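Values quoted throughout were computed directly from the atomic coordinates according to the rules given, and no laboratory measurement underlies them. What you see is a predicted model; the values in this text were computed from it and never measured. We place every Cβ from the backbone using ideal geometry, glycine too, and count neighbours over all the protein chains shown.
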Amino acid sequence: MRISITAAISVSVLVGYSVISTSGAQSSTTQIDGSPSSLTSVAFSPYAAPVVIKIESSPTQSTIDPASFMLILDSYEQLNHRNWDGYDAEPITPETLRYARRLLRVMPDTFGPPDIAPSGDGSIGLEWVLDDGSLHKLFLDIGPSEEWHAYWNRRGGEFGRLPGTGFDSETEHVLQSLFADLSGLPGSR
Amino acid sequence: MSLSDGDPAPDGDIWFRIVTHQDHLRRGRVHHSAWGGNAISEPSPEKARPWTREASGRLRSRAGSLENIEHAANDFCRTAAGGSKTFSGVIYARVTDAKLSFESILTTAIHFTPLSPDPAHADLTFTGWLANESKEERARFNMWLSDKLLALHHPGQLFHLPDACLPPETATSRLKEFAMRCIVRICQAFTR
């Protein structure tokens with residue numbers, strides 16, 4: 001009974017997002033279209049790393065303290081010009097910074113605060129490199145403009161990724177679920 | 001050791017790259033954002049390099065003392081980088097440790113590529129590249145590269161940059177090297 005409730009909630013939230021996972025040389029892309037069967041295909045596909053996105057009806061994880069990160073992002077405002085790094089970088093635009101601020105306000109603190117850095121392609125990169133647990137590294141690139149791209153390596157070498165665009169009422173839930181799944185929190189599977 | 005433009009750097013040398021944004025080095029690691037955009041770029045077509053992509057850096061053996069390195073880095077931040085950058089540290093690797101392969105997609109190495117303003121210039125080179133710059137391959141590449149190079153923060157850690165460890169030059173070794181280079185050039189001329 002509980003499973004079916006979870007699935008129903010998941011389906012309503014995940015429309016429009018795709019989970020992409022690879023293991024070794026194989027890879028697969030699964031567009032979650034809202035049907036319960038498609039969710040099952042993500043969970044049991046022989047090509048997919050064990051990544052299942054499930055959405056709780058109310059988030060239970062807290063988010064990172066945004067104040068310190070806002071100061072970092074504020075400092076990137078001066079990078080709104082080409083070649084800010086001396087290696088021909090693209091500008092970090094105000095649009096990308098605005099988007100990064102919105103995402104960071106809802107970013108789960110499951111793995112602690114990320115290391116943030118501006119990238120030469122105009123995006124802002126977040127990094128979590130973990131000493132223990134099944135997850136080894138999680139990178140999340142924000143921008144350019146309103147898109148984000150999370151990708152990770154588990155300690156066993158499995159690679160996975162999850163792209164997203166825009167910001168709406170579901171964005172926080174998607175991030176919460178991703179982090180819960182990657183952390184192996186009870187109830188995330 | 002005498003080197004010409006485009007030669008592989010000797011194994012005992014150290015390649016390093018000036019970091020111009022403090023956030024690209026975090027807690028002794030190289031942040032993956034340090035490699036975004038044109039940090040790894042196509043070589044100039046006029047040079048007709050045998051590699052596919054390159055990232056600028058310098059050779060320790062030719063860069064002088066640590067004071068010289070710091071001075072050159074500050075100059076780079078003042079001039080080439082548009083004047084508002086801060087020398088924040090270096091990314092570095094032993095040349096021998098920089099000979100790597102990523103899946104079956106590309107291999108890396110260090111090549112000596114002197115420039116008129118920087119006679120110590122050398123590139124971290126990539127032979128082969130990501131197909132169509134696909135996001136998935138780039139993501140896997142970022143993950144892979146993030147563990148391969150070392151980081152030293154500045155100020156405070158530059159003195160940890162290792163010295164190059166090259167064999168002493170003798171007349172015989174120079175003659176042998178010259179002969180080898182001639183053979184390589186002749187072979188290259190025939191294969192073109």
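Order of B:R60, A:R161, B:R53, B:R138 from fewest to most other C-beta atoms within 10 Å?
B:R138, B:R53, A:R161, B:R60
In which sequence would A:I64, A:I142 go, from the one with the fewest C-beta neighbours within 10 Å to the one with the most?
If I rank by nearby Cβ atoms, fewest first, I get A:I64, A:I142.
Could you state, as a whole-number percent, how many of the C-alpha pairs of chain B are farther apart than 26 Å?
Considering chain B, 34 percent of its Cα-Cα pairs are separated by more than 26 Å.
Hey, got the average number of other protein chain Cβ atoms within 10 angstrom for residues in B:141-148?
Values: counts 0, 7, 9, 2, 0, 5, 4, 0.
Counting other chains' Cβ atoms within 10 Å and averaging over B:141-148 gives 3.
Of the listed peptides A:108-117, A:69-78, what is their order by residue-averaged count of other C-beta atoms within 10 Å, with the highest listed first?
A:108-117, A:69-78
Based only on other Cβ atoms within 10 Å, what is the fewest-to-most ordering of B:V184, B:V30, B:V90, A:V174? Write out the running numbers ahead of the final one.
Details: B:V184 11, B:V30 24, B:V90 29, A:V174 21.
Lowest count first: B:V184, A:V174, B:V30, B:V90.
Inverting the mean 1/r over all pairs of different Cα atoms, compute the Kirkwood radius of segment A:89-144 and quote it in Å.
Numbers: mean 1/r = 0.0836 Å⁻¹.
Averaging 1/r across every pair of different Cα atoms and inverting gives 12.0 Å.
Quick one: grab the alpha carbon gyration tensor of segment B:10-78, order the square roots of its eigenvalues as a ≥ b ≥ c, and give me rounded if a/c is under 1.5, else prolate or oblate depending on whether a/b is larger than b/c.
oblate
Roughly how crowded by other chains is peptide B:24-34, in terms of the mean Cβ count from those chains within 10 Å of each of its Cβ atoms?
What the average comes to for B:24-34 is 6.
For chain B, what is the mean residue ellipticity at 222 nm derived from helices alone (per DSSP H run of n ≥ 4: -39500 (n - 2.57); sum divided by total residues; nearest 500 deg cm²/dmol)?
Calculated mean residue ellipticity at 222 nm is -7500 deg cm²/dmol.
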